[in-house]
Amino acid sequence: MYPEPLFNLFGLEIDLYTICFIVGLIACIIYTVFALKKSGYSSSASDTIILVGIVAILFGLFSAVLFQSFYDFLADPSAGFVLTGRMTFLGGLIGGVVGYIGLYLLFVYVINPRLKEKNFFKADMNKGLFYALRFIPPSITIAHAFGRIGCFFAGCCYGLETNAWYGIKFATTTTKVIPTQLFEAIFLFILSAVMIVLYFVYKFKYNFTVYLIGYGVWRFLIEYLRADDRGGFVPGLSPSQFWSLVMIVGGVVFFFVYRYFDKKFTKENATSSGENNENK
């Protein structure tokens, strides 16, 4: 729509995509801070979770570029494997989740056992990071929604040609196409609102499952309307459709795994509370 840079900042060209990315990141942080405060996390625990999130985002950004470069290599091996800077969201999501899990395990088995005795955290960070999965998903969808608006301005991730009233001609297309970026942004904002209501109003525990299955189904279907080729490695499916199926299956698996550990932690907390009452 408007991919040209708006201005230069310290030698860097800033366009509307970059601005949307920054706005999405700020909105993500604001919501996360609000959710942590409303959920009763201490300031030290909140700072740690935000730090974990930032590191996970960095993992995700690198993974997003790495995955797209791999798809490009499969489409044209003669060009070699080159990190072009192009990104794919689902590749970034995989990297972000892996980064979050890796840092979680680091806290569980290395950091927290040593710091807990010094009373560095007011809460058990092993469980703190675990419980954060109940309200973290909207952080992802909020940032992603603004990112999709950025895609709209950049003229990427567009849909098939159309003569419908909602069709838009981008600088990168010769005819009107379906603005799938805007459709997805609207869906992500709605999904964010649903998960926020589920957690804060109904105390719902499985928002990560809602996110994985909800976005997985949406992305699988919207791919049929998208026209920008991202390569492929599974016959009959785009890379995003393949990973969407992985997300859906992962959402189901996550539900049962999370429910198991939630019951385990609840039982441990009840036992600990009983012992503390006996010692009074």
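The values are calculated or read from the model by the stated rules, or taken from the named source; none is laboratory data. If you're wondering where the values come from, they're calculated on a predicted model, not measured in any experiment. Please note: Cβ atoms are built from the backbone with ideal geometry, for glycine as well, and neighbour counts cover all protein chains shown.
A few points about this structure:
- Exactly one residue out of 223, 184 is at pLDDT below 95 and within 28 Å of residue 27 (Cα to Cα): that is 223.
- Residues (more than 21 Å from residue 147 (Cβ to Cβ), of a type in the set (Phe, Trp, Tyr) and either touching a strand residue (DSSP E or B) at 6+ places or on another chain (Cβ under 9 Å) or buried (at least 18 other Cβ atoms within 10 Å of the Cβ) (or both)) located in region 175-218: 199, 206
- Filter result for residue 18 (more than 30 Å from residue 234 (Cβ to Cβ), of a type in the set (S, T, N, Q) and within 16 Å of the chain's Cα centre (by Cα)): no
- Residue, modelled with the lowest pLDDT, within region 226-247, restricted to residues that are part of a helix (DSSP H, G or I) and surrounded by fewer than 19 Cβ atoms within 10 Å (Cβ to Cβ): 242
- Single residue of region 159-174 satisfying the filter (without any contact (Cβ under 8 Å) to a residue 40 or more places away in the chain and of a type in the set (Phe, Trp, Tyr)) that is farthest from residue 147 (Cα to Cα): 165
- Those helices (runs of 4 or more DSSP H) of region 70-140 in which 3 or more residues are over 21 Å from residue 259 (Cβ atoms) and modelled with pLDDT under 70 occupy 112-115.
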